[in-house]
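Undergrad: Pasting in a structure now, in structure tokens, and then I'll have a few things to ask.
The values are calculated or read from the model by the stated rules, or taken from the named source; none is laboratory data. Worth saying up front: this structure is predicted, and the values here are computed from it rather than measured. Here the Cβ positions follow ideal geometry from the backbone for every residue, glycine too, while neighbour counts run over all protein chains shown. What goes into the accessible areas is simple: the full protein's heavy atoms, side chains included, and nothing from ligands, DNA or RNA. Shrake-Rupley method; radii C 1.70, N 1.55, O 1.52, S 1.80 Å.
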Amino acid sequence: MANYSWLLPAIACGVIALIGNVVLGQQVLKRQIIFIDLAVAQVAALGAVVSHYWLNTSALFSGSWLGSMAGAWGLSLLFCSFIAFIETRYKQHLEPLIGSLFAVSASLAIILVSKDPHGADFIQNILNGQLLWATWDDFWPLAIITALMLIVILRWPQFMEGKGFYIIFALLMPITVKLTGIYLEFALLVIPALCASSIKGRQFFIASIGIGCVGIITGIVASAYYDLPSGASIVITLFITGMIFGWTHKKAFPALSRC
């Protein structure tokens with residue numbers, strides 16, 4: 001067991017990221033804006049490129065944690081403000097527009113790193129994340145921001161029902177994506193919430209967190225044992241866990257009852 005104790009920060013970061021995503025995932029499914037997570041994650045990744053190549057070279061932000069996050073937070077807030085503004089005005093075309101902005105952000109990120117010999121590695125890290133190598137220094141900022149989000153939601157639940165949802169989304173996603181990568185971030189947001197979507201109240205959160213924890217722990221252990229990319233491994237184990245939950249709780253996926 002001691003040989004795997006170094007995985008504890010990664011597991012802790014994964015579980016905290018899961019908690020925030022389950023709360024936001026319920027709202028995403030309710031609002032039917034599934035692509036917003038991919039888009040915000042990609043915009044945050046574009047912001048990370050800006051921070052890495054420009055902000056970190058300035059005297060004000062050089063080598064600081066804030067410097068690595070400033071670009072991601074700035075662009076995410078700008079993007080979410082735009083989506084909040086057009087949500088009711090262009091409801092019919094909101095998802096295609098969000099998908100288009102995702103493609104544009106991804107293309108801009110590729111162009112910006114194209115002249116860097118190590119640009120491909122940087123993009124791969126953004127997509128796959130570095131959760132396996134997370135430390136306790138990575139844990140605390142994520143835990144504090146997630147805790148503040150939960151306090152706001154519990155104290156003012158109506159905040160999540162309005163435009164405040166986008167503010168929370170824009171603040172939480174960049175710090176999560178930095179650790180998990182884009183693919184795992186999307187999986188954490190959608191898979192647990194989707195698998196437990198037919199369950200209401202406290203049971204929804206228990207089921208979602210349970211699915212996520214099993215997927216995260218098995219994925220991290222498999223990644224470490226077989227030397228596999230952590231983000232991709234957890235996405236697969238999370239999906240398998242969700243499907244098993246669906247088979248054992250047919251009401252989560254009514255179509256499965258006919259299989």
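Undergrad: Per the helix-only calculation at 222 nm, which mean residue ellipticity applies to the chain, given -39500 (n - 2.57) for every DSSP H run of n ≥ 4 and division by its residues, nearest 500 deg cm²/dmol?
TA: -26000 deg cm²/dmol
Undergrad: Can you list the HN-Hα couplings for the range 93-98, worked out from phi with the Karplus curve (6.51, -1.76, 1.60; θ = phi - 60°), rounded to whole Hz and with x for Gly and Pro?
TA: 10, 5, 4, x, 5, 4
Undergrad: Related question: When you count, for each residue, the other Cβ atoms within 10 Å and take the mean per peptide, how do 115-123, 203-211, 191-199 rank with the highest first?
TA: 191-199, 203-211, 115-123
Undergrad: In addition: From the backbone phi of the range 233-249, what are the Karplus-calculated ³J(HN,Hα) couplings (6.51 cos²θ - 1.76 cosθ + 1.60, θ = phi - 60°) in whole Hz, Gly and Pro given as x?
TA: 5, 5, 4, 5, 5, 5, 5, 4, 4, x, 5, 4, 4, x, 5, 8, 10
Undergrad: Per residue, how large is the accessible surface of the chain? Use a 1.4 angstrom probe and give square angstrom.
TA: Ligands and nucleic acids excluded, the figure is 50 Å² per residue.
Undergrad: Let me know the shape class of the chain, please: from the alpha-carbon gyration tensor, a ≥ b ≥ c as square roots of the eigenvalues, rounded when a/c is under 1.5, otherwise prolate if a/b is greater than b/c, or oblate.
TA: Verdict is oblate for the chain.
Undergrad: Kindly identify the range 91-227 as rounded, prolate or oblate by the Cα gyration tensor criterion: order the square roots of the eigenvalues as a ≥ b ≥ c, call it rounded if a/c is under 1.5, otherwise compare a/b with b/c, prolate if a/b is larger, else oblate.
TA: Taking the square roots of the gyration eigenvalues as a ≥ b ≥ c, the range 91-227 is oblate.
Undergrad: Which value, in Å² and to the nearest 10, is the accessible area of Ile111 when all protein chains are kept and the probe is 1.4 Å?
TA: Its accessible surface works out to 110 Å², give or take rounding.
Undergrad: Right, here's the next one. Can you work out ³J(HN,Hα) from phi for every residue in the range 31-36, in order, using Karplus 6.51 cos²θ - 1.76 cosθ + 1.60 and θ = phi - 60°, giving whole Hz and x for Gly and Pro?
TA: 7, 6, 10, 4, 6, 4
Undergrad: Let me ask something else about it. Run down the aspartates and glutamates and flag those whose C-alpha is under 15 Å from the C-alpha of Lys30, throwing out any fewer than 8 positions away in its chain.
TA: Glu87, Glu95, Glu161
Undergrad: Using only the heavy atoms of the protein chains and a 1.4 Å probe, how would Arg31, Arg155, Arg202 rank by accessible area, largest first?
TA: Descending order: Arg202, Arg155, Arg31.
Undergrad: Might you report the magnitude of the Cβ-based charge dipole of the chain about its Cα centre, with Lys and Arg at +1 and Asp and Glu at -1, to the nearest 20 debye?
TA: Computed charge dipole of the chain: roughly 960 debye.
Undergrad: Would you please classify the overall shape of the range 1-137 from the alpha carbon gyration tensor, given that a ≥ b ≥ c denote the square roots of the eigenvalues, rounded means a/c under 1.5, and beyond that prolate means a/b larger than b/c while oblate covers the rest?
TA: Since a/c reaches 1.5 but b/c is at least a/b, the shape of the range 1-137 is classed as oblate.
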